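Accompanying notes for the structure given below.
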Amino acid sequence: MNPILNLARPDILSLQPYQHAAWEPTLERMHANEMPWRAQGDASNAGLNRYPEPQPDELIEHLANLYGTSPKNVIAGRGSDEGIDLLVRAFCRAGEDSVLICPPTFGMYKVSARIQGAGVIEVPLVKERGFELDVQSVLAAWRENVKLIFICTPNNPTGNLLDRASIEVLCAQLSDKALVVVDEAYIEFANAASMVQELERFPNLVILRTLSKAYALAGARCGALIAHEDIISLLARVITPYALPTHTIDSVLHLTDEEHVAESKQRIELILTERARVSEALASLPLVREVWPSDSNFILVDCKDADAVLRAALSAGLIIRDPRSQPGLGSSLRISIGTPDQNDRLIRGVEQASGDLA
Ligand SMILES: *Cc1c(COP(=O)(O)O)cnc(C)c1O
């Protein structure tokens, strides 16, 4: 057994999981209290009258191929958000354990921890060094009850990749002390390899991947959590029995086939070209103080007058993200790269507002 399971909640380790209706596709189903007929107009492959296959073999194999790992190391859920939630619920005892996060970062880590009644320890990224990971401070902040360390790379909302060697130091130093959860939601937009390749080296490494960003499937709700098989087995006990809707399974298999992977690659190229164009254009405007370098499909912009930039975007019919409540982001806005037309409208809007300012 992977000794990292010693960190899991004892009541989850000893849990008798829910026994879902056996998956026996060669037999006709009279064991799950389903209707034996489809609803009129139900054009799904499997029939929506039937419960879906829990953790469908074909889907898990497909995701394992897509992400360069083996099916035994994959659990699929409703977006990476579900992966985050599963980890917190399986590893953190309410009122006793904590997660560690490096703000400014993705909001769900803290929310999931709070919902579970877990503590949240914050070790900020170092803004003066381009929002760099502060490994020594993370190690110094670790205590016995810190079960999960969330590392988002490229980080949302700052956009930058974190140093891979530093993350490996964390994995090595904390190999039996905490899970290091590397959220790679935006890795497809970065010129960097996934840490999936390091799974063999680190029994405490967990990787989150999602179809919501690079594959244009945010509405399908599907993400993969990739980890040592013992961690996967543990989380499989906690996940809701029929987590993935039939429509999601069908759409993902179809919309991430070879042809769609090629489509996604082309679109990513366009996003990267546009990211450079928008960054350069905005950086030259008087309302903008700094555009941070980005390894993702959005940019973080420090503004001289963030309210004016927000208003300019709204007048152009565009909504951008206001992350100013996060530490270090008091004058920053986050802008997702859109179509060339949307990007033009944004640039023109901020340009005009800059003119009004002058
Ligand atoms: C968007 C995003 C996700 C993806 O969430 P899903 O639930 O898969 O849609 C995960 N992590 C980060 C940092 C994100 O920005």
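The values are calculated or read from the model by the stated rules, or taken from the named source; none is laboratory data. All values reported here derive from a predicted model rather than from experimental measurement. Glycine gets a Cβ as well: all are built from the backbone with ideal geometry, and neighbour counts include every protein chain shown. For the accessible areas, the whole protein counts, side chains as well, though only heavy atoms, and no ligand, DNA or RNA atoms are used. Shrake-Rupley method; radii C 1.70, N 1.55, O 1.52, S 1.80 Å.
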- Pairing a residue in region 260-274 that is under 12 Å from Phe298 (Cα atoms) with any residue that is of a type in the set (Ser, Thr, Tyr) and surrounded by fewer than 12 Cβ atoms within 10 Å (Cβ to Cβ), where Cβ atoms lie under 9 Å and the two sit 6 or more apart in sequence or on different chains, gives Glu274/Thr339
- Cβ-Cβ below 8 Å, separation at least six or inter-chain, first residue in region 83-102 and among the β-branched types (Val, Ile, Thr), second part of a loop (DSSP other than H, G, I, E, B): which pairs? Val88/Ala118; Val99/Cys92; Val99/Ala118; Ile101/Val123
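One line per residue, one yes/no per condition, for (1) more than 19 Å from Ser70 (Cβ to Cβ); (2) touching a Leu at 6+ places or on another chain (Cβ under 6 Å):
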position: Asn160; (1), (2): yes, no
position: Asp183; (1), (2): yes, yes
position: Met195; (1), (2): no, no
position: Ile207; (1), (2): no, no
position: Ala214; (1), (2): yes, no
position: Glu229; (1), (2): no, no
position: Ala236; (1), (2): no, no
position: Glu259; (1), (2): yes, no
- Pairs, first charged (D, E, K, R) in region 201-220, second near the ligand (Cβ under 8 Å from one of its atoms), C-beta under 8 Å, six or more apart: Arg209/Ser80; Arg209/Ala185; Arg209/Gly223; Lys213/Ala185; Lys213/Tyr186
- How many residues does region 217-242 contain that are closer than 23 Å to His254 by Cβ and open to solvent by less than 10 Å² (accessible area, probe 1.4 Å)? 5
- Which residue out of Tyr51, Tyr18, Tyr67 is modelled with pLDDT of 95 or more and open to solvent by 90 Å² or more (accessible area, probe 1.4 Å)? Tyr51
- Would you point out which residue out of Ser44, Ser70, Ser80 is touching a residue at least 12 places away in the same chain (Cβ under 8 Å), closer than 24 Å to Asp230 by Cα and in the same structural domain as Ala22 (by TED's automatic domain parsing)? Ser80
- helices (runs of 4 or more DSSP H) contained in region 1-110 and holding at least 2 residues within 16 Å of the ligand (Cβ to nearest atom): 57-67, 79-91
- Residue, farthest from Ile4 (Cα to Cα), within region 199-221, restricted to residues that are in a strand (DSSP E or B) and within 14 Å of the ligand (Cβ to nearest atom): Thr210
- In the set Val181, Val169, Val196, which member is in the same structural domain as Asp85 (by TED's automatic domain parsing) and part of a strand (DSSP E or B)? Val181
- Considering only residues that are over 20 Å from Arg324 (Cα atoms) and in a helix (DSSP H, G or I), look in region 123-154 and name the one that is least open to solvent (accessible area, probe 1.4 Å). Val138
- Message: Can you confirm whether Pro157 is open to solvent by less than 10 Å² (accessible area, probe 1.4 Å) and farther than 24 Å from Ile231 by Cβ?
- Response: yes
- Message: For region 184-193, check the following and say yes or no: at least one residue is out of contact with any helix residue (DSSP H, G or I) (no Cβ under 6 Å at 6 or more places or on another chain) and more than 16 Å from the ligand (Cβ to nearest atom).
- Response: yes
- Message: For Arg78, only one of the following conditions fails: (1) open to solvent by 60 Å² or more (accessible area, probe 1.4 Å); (2) farther than 20 Å from Tyr215 by Cβ. What is its number?
- Response: (2)
